[in-house]
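See structure below.
The values are calculated or read from the model by the stated rules, or taken from the named source; none is laboratory data. No experiment lies behind these values; they were computed from the predicted model shown. Keep in mind that these areas ignore ligands, DNA and RNA; they rest on the heavy atoms of the full protein, side chains included. Shrake-Rupley method; radii C 1.70, N 1.55, O 1.52, S 1.80 Å.
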Amino acid sequence: NLYKDIHDNKPPLLYLVAAVAGTQFWFRFIALGWNVATVALFGKLARKWWGGGDGAVWATVLFAALTSLPFLEGNIANAELFFLLPTVAAFGILWSGKGYGASVAAGGLYGLAALFKMPAILEAGVWPIYWLMTGEKGGWKRIVAMGVGVAIPVGASLMYYKMAGVLPEYLIAAGGQNIPY
């Protein structure tokens, strides 16, 4: 049983992807496809921000290099690569989307990212600070909406591990031991 008989300090989604993959080859292949999707999404956002010029191209090339070069990211499918897609998607939604629905959706993506690696949740914390510092209209409501979005996947994982009888172990391994680094 994960977190009781087998222990590691990672949230469950990385293990789920590894289980679906079945072998290291397929795990790396899934990571490759995941990273291609992340770079493509980043490139789309870069074109939106920089108008598709050289700045967008160079930002995307730099992002692709930093997330795929073996001497920077190693030769494994690690959680940092997997949490990038939902965090980049959440950033794109929050940057361009107004309203509470966008905040809930982005919060849900940040919650999923946290289930790959808990420090991803820290990025979600940047948005409330930004909204409050810029005097975003409805900022407090957007903060609550994003919190609801984060709580949905994280809360579902908490309920699952409570029903499995390993909630204390899960909280220690996936949360307590993971956030500090």
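For this structure, a couple of remarks:
- Three-way shape call for the stretch 74-181 based on the alpha-carbon gyration tensor, with the a/c threshold at 1.5: prolate
- Calculated from backbone phi, Karplus (6.51, -1.76, 1.60) coupling profile of the stretch 34-51 in Hz, x at Gly/Pro: 4, 5, 4, 4, 5, 5, 4, 5, 4, x, 4, 5, 4, 5, 5, 6, 10, x
- 3J(HN,Hα) from dihedral phi, the stretch 10-21, Karplus parametrisation 6.51/-1.76/1.60, rounded to Hz, x for glycine, proline: 10, x, x, 5, 5, 5, 5, 4, 4, 5, 5, 5
- Cross-link partners for LYS117 among the lysines, with Cα-Cα distance under 17 Å and sequence neighbours closer than 8 places in the same chain left out: LYS10.
- For the chain, the square roots a ≥ b ≥ c of the C-alpha gyration tensor eigenvalues yield an a/c of 1.5 or more together with a/b not exceeding b/c, which makes the shape oblate.
- Of the solvent-accessible surface of the chain, computed with a 1.4 Å probe and all protein chains present, 73% belongs to carbon and sulfur.
- Residue-normalised accessible area of the chain, given per residue in Å² at a 1.4 Å probe: 55
- Taken one residue at a time, the phi angles of the stretch 152-161 give Karplus couplings (6.51, -1.76, 1.60, θ = phi - 60°) of 5, x, 5, x, 4, 5, 4, 5, 4, 6 Hz. Gly and Pro are set to x.
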